[in-house]
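Presented below is the structure to which this report refers.
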Amino acid sequence: MARISTYTEVAPHADDLILGSDMGSLKATKNFKVSSLVALCPQGTVTSVALTAPSAFSVAGSPITSAGTIAITGAGSTAQFVDGTGALQNISSIVGNQTLAQTIAVGNTTSGTDISVSAGDDLLMTDSSKIIMDSDFKIYKGIDNHSHIEETGAGDLMLKSNNEVEIASGIMGEHFARFTKDAGVQLFHDNVKKFETTSNNIKVVGVAAHADNSAALAAGLTAGELYRTGDILKIVH
């Protein structure tokens, strides 16, 4: 219902549209009052107010049903911090004496930073661990209990040295082979040199002397092995 009134006070109903005017007076202005307007507004009562927070915080006093105080305190310790999700994380996982597992849990790339191993420290790995580069070069210990250096890609596997490459057993053990820059190649049997290259040719070292093939066989040589008669090099047959 629309109501146009010139009364100084109007008591509206819920469906009234009230238009006020001061034309009932010759005065320039006139007071206009709408009474009981509060009764027309939707009203209600808040019976409970609650507050929640991420796991890094503890909330006490929630919910409030009449009057009270909601308190928020930290749920962690001084050795922890709150991450972007509102969860607690250990500071040791970022700084301090963190383990490698804790560091990798934060991020498993070095982002251009080298890993330095201090003097006297070792990089220890288990039998099932591998060093893998670009998926096709691997250094590992196999299930056959042998150690492997493996190149499975299109490239070659190259051993380089500016002086000498030597293959031997253990620390200062028996020699297997020796490859020397600008010199030659030496091959050993039971730590005794048997073959080497020279600038002009090859040299077979330690060839036994026998009168003939029968004598070489009698001495224990087998077919394909070398012996010499005087200055003549022969093959056992």
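A short reminder: the numbers here are calculations on the coordinates, not readings from a lab. All of these numbers come straight from a predicted model, not from anything done at the bench. Methodologically, a virtual Cβ is constructed for each residue, glycine included, from the backbone with ideal geometry; neighbour enumeration extends over all protein chains shown.
Across segment 92-187, the relative contact order, built from alpha-carbon pairs under 8 Å that are at least six residues apart, equals 11 percent.
For the residue pairs 130/193; 141/181; 194/234; 138/160, the C-alpha atoms sit more than 27 angstrom apart in 130/193; 141/181. Under the simplified labelling scheme, the residue 189-residue 59 pair shows an inter-label distance of 8.6 nm, with each label point 7 Å from Cα along Cα→Cβ. Quick one: grab the alpha carbon gyration tensor of segment 150-237, order the square roots of its eigenvalues as a ≥ b ≥ c, and give me rounded if a/c is under 1.5, else prolate or oblate depending on whether a/b is larger than b/c. Because a/c hits 1.5 or more and a/b exceeds b/c, segment 150-237 counts as prolate.
Other residues within the sphere of radius under 14 Å centred on the Cβ of residue 172, judged by their own Cβ, net out at -1 (K and R +1, D and E -1).
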